[in-house]
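Read the structure below first, then the notes.
The values are calculated or read from the model by the stated rules, or taken from the named source; none is laboratory data. Just so it is clear, the structure is predicted and the values come from calculations on it, not from any experiment. Note: accessible area is taken over every heavy atom of the protein model, side chains too, but ligands, DNA and RNA are not part of it. Shrake-Rupley method; radii C 1.70, N 1.55, O 1.52, S 1.80 Å.
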Amino acid sequence: MTSRSIWKGSISFGLVNIPVKLYTATDSSKDFSFNQLDNKGHRIQHKKWCSVEDKEIPGSEIKKGYQISKDNYVVVEKEDLEKIKIKTTQSIDIKEFIDSKDFDPILIEKSYYVAPEKSKKNGIIDKAYTLFAKVISETNKIAIGKVVLKDREHLVALRAYQRGIVMDQLRYIDEIKPVDEVEDMSGAAAASSSSSSSSQPLIDNKELSLGKTLVENLTSKEFDISEYSDEYTKQLEQLINAKASGKKTFHSSSAENEEDVSKNLLEALKASIQQKAKPKR
């Protein structure tokens, strides 16, 4: 099934303007979801309900409203939103370029494919798109910019990906919780044999060396995500099929025996190094 673009505009940096379209980069149809049922097995429906007039409201009559006080809202129409015209409503405005090594993945909220808008006359891709993708790929740079999507101006990152460009929608820094707010991580800084705090365990050189050896043994020359799959969903599907066919018991077809985990870190590291690497899933 052909994907449909969710936004049309351009990439803008300097005096260069590149017409593009955005497509969602992930497939939510792969998600495994359950319906809510009552205790008699009847499906629960969620309706748009007006509590004042005690009736269901059709989608065509629903408007956007911003609450300014209790039971008092400002209604914002689609026409009102169209009056807000800033550069980023129609273009991805590039602000700067950074080295890819300086980009932190924790900022990524979702990703989109950035496709070129082909010429209506001859169907040829705009040369500027190809140049832009090639430049950021060969320089190992990421473009940081802003664009308005779904009634909000988002910070975004554009990077080269396979045959084109991907745009990552980013979280602003105030949307990232400081790690200090996680109490259990406050004393988790890397410890060495020469320095530690009262909350940090002492790591000796032998443990550190074995740990590095284990990581090296499990290091792949090239990451291939196609070697992995969602084993839990596969088991869940088998469980549902078993129940649908009337079976009262279910045994996992790929159940693995639990491995003995040594409480001694040094012993666990040694045993792990001697163990053959398991196939990825």
(message) Give me log10 I(q)/I(0) at q = 0.14, 0.15, 0.23, 0.26 Å⁻¹ for the range 110-190, Debye formula, one equal scatterer per alpha-carbon, no solvent.
(response) -0.65, -0.71, -1.07, -1.18
(request) Find the eigenvalues of the gyration tensor of the Cα atoms of the range 58-173, then list the square roots of 5 times those eigenvalues as equivalent ellipsoid semi-axes, largest first, in whole angstrom. (result) 34, 20, 12
(request) For the chain, count all C-alpha to C-alpha pairs, find those more than 36 Å apart, and express that count as a whole percent of the total. (result) 48 percent
(request) Using a 1.4 angstrom probe, figure out how much accessible area the chain has per residue, in square angstrom, rounded to the nearest whole. (result) 81 Å²
(request) Quote the accessible area belonging to Ser29 in square angstrom, nearest 10, computed with a 1.4 Å probe and with ligands, DNA and RNA left uncounted. (result) 90 Å²
(message) Ignoring everything except DSSP H segments at least 4 long, calculate the 222 nm mean residue ellipticity for the chain; use -39,500 (n - 2.57) per segment, divide by total residues, nearest 500.
(response) -6000 deg cm²/dmol
(request) Starting from the amide H of Ser111, placed 1.01 Å from N in the peptide plane, find each other amide H under 5 Å away whose residue is 5 or more places distant or on another chain. (result) Ala25, Gln169
(message) How long are the semi-axes of the equivalent ellipsoid of the range 91-150, defined as square roots of 5 times the Cα gyration tensor eigenvalues? Whole Å, largest first.
(response) 24, 16, 10
(message) Can you work out the Karplus-derived ³J(HN,Hα) for every residue in the range 14-20? Use 6.51 cos²θ - 1.76 cosθ + 1.60 with θ = phi - 60°, whole Hz, and x for glycine or proline.
(response) x, 9, 8, 10, 10, x, 9
(message) I'd like the distance between the alpha-carbon centres of the range 116-162 and the range 198-231, rounded to an integer number of Å.
(response) 36 Å
(request) Taking the Cα atoms of the range 21-122, report the difference between the largest and smallest coordinate on each principal axis, in whole Å and largest first. (result) 55, 39, 39
(request) Would you mind checking which residues have amide H under 5 Å from Asp126's amide H? H placed 1.01 Å from N; only 5 or more apart, or other chain. (result) Glu117, Ser119
(message) If you fit an axis through the alpha-carbon atoms of helix 265-274 and take the longest principal axis of the Cα set of the chain, what angle between them do you get, 0 to 90°, nearest 10?
(response) 80 degrees
(request) Sort the range 13-66 into rounded, prolate or oblate with this rule: let a ≥ b ≥ c be the square roots of the eigenvalues of the Cα gyration tensor; rounded if a/c is under 1.5, and if a/c is not under 1.5, prolate when a/b is larger than b/c, oblate otherwise. (result) oblate
